Amino acid sequence: MRQSKFLFQTHREIPKDAEVISHQLMMRSGMLLKLSSGVYSYFPLLLRAIKKFESIVREELEKSGCQELLMPFVQPSDLWIESGRWGAYGKELLRFKDRKDNDFCLGPTHEEVVTDMVRKTIKSYKQLPINVFQVQTKFRDEIRPRFGLQRGREFIMKDGYSFHVDDTDCDREYWNMFETYKRIFTRIGLAFRPVEADSGAIGGSFTHEFHVLADSGEDAILSCSHCDYTSNLEKTECRPISSAPEAPVALKQCHFSTPGIVGLVDQAHHMVDTDHPQGVPLEKTTKLYLMKILDYSDKESIWGAVIGGAYELNLVKMKNALQAKSIEPLDLKLAESLTQCKSGFMGPVGLEKVKFIVDLKLKGQTGLTCGANKTDFHHFGFTPDRDIKNIHWGDIHNAEAGDRCARCEAGKYLSFRGIEVGQVFKLGLKYSLPMKCNFLDMSGKEKPMVMGCYGIGITRTVAAAIEQNHDEDGIIWPESIAPYHFHILNLDADNAETSAVIEDLEVFLRNEGIEFLIDDRSALSPGAKFKDADLLGLPYRITIGSKGLKDGLVEIRNRKTKDVLKIPIKELQSVIYDINKTFD
């Protein structure tokens, strides 16, 4: 392919709305064009990279026994009502009506559609298990699309679904897909980690996410320094205190005047008496969050979450611990009416009508501080086991880097940032039960199928590859998904000799099936061509100019290592051939 005929335009300036490096470089290299918020057009170079990744995904899935199909992008509401997600999914589901006033949505995912397909096709245990997938456009109406292809509204995704006779077989396929995903991301050449995660809106009993490690990643990941435990921050388990509970002795209880002091560090320093001449330790402080909980019968209740002052509340853990449908902070006016004080001075003692979940770190602790439910005052002598009537215990705070691992004795958590590019779910009966996706077992009895679900963000993974592979000059494409492998620069496009060399080389490359892009643009200086080549980031740059040809030499440069090799022109074809054999 010759650049003089190629649809693209490079840019020197960074687009104002491009926040992360992948978005900036794809826009600057002329691979991506914004159509509307979170919706983009893909130019030929980017599409080639996307198609290469899709090919890797297809190859590995087919090796693992999966079958490709294609399902409609537009989905009727009746399937979503049947599964219970029409009202539960939220505003990310783009709903609309057709001319007959029927309700439809643009598919953000396809659990309902594939379940409908299978229940109408599979009747007997003899037809199971089955694992199907598609590569297709999705749409999720994100409230704040950002980071280019990392969190757009329209995107390309591989989604797969498996159906089984029982949990044991579903678990087998879950781990089969887990290993398949590891092979896929390893083949691309990315640094990644599979992490335990929360199942979120898709649902299911357990799940792992696959994260490409990158500083720009939206997700915080904690990984044990000793064992294999790796988890998304919202899921990471915290180890309860290992010391023996404090003896339940009678402690002096009193109120400290803390006028206008709501910061916990300042409170701790301010609480000085004969027993605490330097103030109380931060570890002895607590904080209360009043939350509105909606359960799965749509009943509302008020819960208080009590955690140590040095920690942050983890809403996902709290939601899961209470098996809640949703959880959100209680309206401030309601909270102040309930506690009869201003925010910053609320505490759990005396709130008899509120149920409480208290973090396991506080179990057995005595002599703590909390809000006094009196504006400008805090309470000392708080003992959760004694002072809270409706108490429940749970791991509800965020783990932190440096904390001891909850799974082993030896390790501590290390912190990373990650871009989520894939996820495997065990859905169980979440969709097959309400949608009556059943089969007949060996005895002729009707049973619901057990389901698994497996997704990969195709366009997001390509963006993540750029986040992990770039320098100050531009993209450094992994060889496995590079749009082309060789970038041939004709430094003297109007020179007959260099053009003849390039034409001969072009014939050779086509005959050998070797991927190449030729910069034959006559209006650009050599410097501009070098800059564009670095920006586009193809693995190998071959420079051919009249000056080098006088000495019978051409130059090959490795984009990643920046190593330069000058070789005789007569050896060029054999060197290219040998390099090409190293590509996957």
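The values are calculated or read from the model by the stated rules, or taken from the named source; none is laboratory data. Remember, predicted model here, so these are calculated numbers, not experimental data. Note that each Cβ is placed from the backbone with ideal geometry, even for glycine, and that neighbours are counted across all protein chains shown.
Looking at segment 7-53 only, could you name the residues that are over 17 Å from F155 (Cα atoms) and among the aromatic types (F, W, Y)? Within segment 7-53, just F8 meets the criteria. Considering only segment 121-140, I want to know if a residue exists there that is without any contact (Cβ under 8 Å) to a residue 60 or more places away in the chain, surrounded by fewer than 17 Cβ atoms within 10 Å (Cβ to Cβ) and over 17 Å from E218 (Cβ atoms). Yes, segment 121-140 contains a residue that is without any contact (Cβ under 8 Å) to a residue 60 or more places away in the chain, surrounded by fewer than 17 Cβ atoms within 10 Å (Cβ to Cβ) and over 17 Å from E218 (Cβ atoms). Which of the strands (runs of 3 or more DSSP E) found entirely inside segment 332-386 contain at least 3 residues meeting this: touching a Cys at 6+ places or on another chain (Cβ under 6 Å) and within 16 Å of G309 (Cβ to Cβ)? Ranges flagged: 377-382. Looking only at segment 114-138, residues that are farther than 15 Å from S162 by Cβ and either of a type in the set (V, I, T) or touching a Pro at 6+ places or on another chain (Cβ under 6 Å) (or both) come to 3 in all. Residues that are surrounded by fewer than 21 Cβ atoms within 10 Å (Cβ to Cβ) and at pLDDT 85 or above number at least 2 in the following strands (runs of 3 or more DSSP E) confined to segment 200-288: 219-224.
Residues in segment 181-199 that are touching a Ser or Thr at 6+ places or on another chain (Cβ under 7 Å) and surrounded by 23 or more Cβ atoms within 10 Å (Cβ to Cβ) were compared, and the one that is farthest from G418 (Cα to Cα) is I188. Scanning segment 50-66 turns up at least one residue that is surrounded by 14 or more Cβ atoms within 10 Å (Cβ to Cβ), touching a Phe, Trp or Tyr at 6+ places or on another chain (Cβ under 8 Å) and closer than 30 Å to D532 by Cα.
Yes or no, residue by residue, for (1) of a type in the set (S, T, Y); (2) in the same structural domain as E59 (by TED's automatic domain parsing); (3) not in a loop (DSSP other than H, G, I, E, B):
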residue: A88; (1), (2), (3): no, yes, no
residue: L93; (1), (2), (3): no, yes, no
residue: R99; (1), (2), (3): no, yes, no
residue: T109; (1), (2), (3): yes, yes, no
residue: V114; (1), (2), (3): no, yes, yes
residue: M117; (1), (2), (3): no, yes, yes
residue: N131; (1), (2), (3): no, yes, yes
residue: K138; (1), (2), (3): no, yes, yes
residue: D141; (1), (2), (3): no, yes, no
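Suppose we filter segment 373-419 for residues that are among the aromatic types (F, W, Y) and in contact with a Pro (Cβ under 6 Å, 6 or more places away or on another chain); how many remain? Residues meeting the conditions: 0.
Per the listing E409, E400, E479, the residue uniquely farther than 30 Å from V20 by Cβ, in a loop (DSSP other than H, G, I, E, B) and not assigned by TED's automatic domain parsing to the domain that holds L313 is E409. Among the residues of segment 1-44, which ones are assigned to a helix (DSSP H, G or I) and either among the charged types (D, E, K, R) or touching a helix residue (DSSP H, G or I) at 6+ places or on another chain (Cβ under 7 Å) (or both)? Matches in segment 1-44: K5, I21, S22, H23, L25, M26, R28.
Screening G444 with (1) outside any loop (DSSP other than H, G, I, E, B); (2) without any contact (Cβ under 8 Å) to a residue 12 or more places away in the chain; (3) not hydroxyl-bearing (S, T, Y) gives one miss only, at (1).
With respect to (1) of a type outside the set (A, V, I, L, M); (2) over 23 Å from the mean Cα position of the chain (by Cα); (3) at pLDDT below 95, the lone exception for S443 is condition (3). Residues that are buried (at least 17 other Cβ atoms within 10 Å of the Cβ) and either free of Cβ contacts under 8 Å to residues at least 24 places away in the same chain or touching a helix residue (DSSP H, G or I) at 6+ places or on another chain (Cβ under 7 Å) (or both) within segment 86-106 comprise W86, F104, C105, listed in sequence order.
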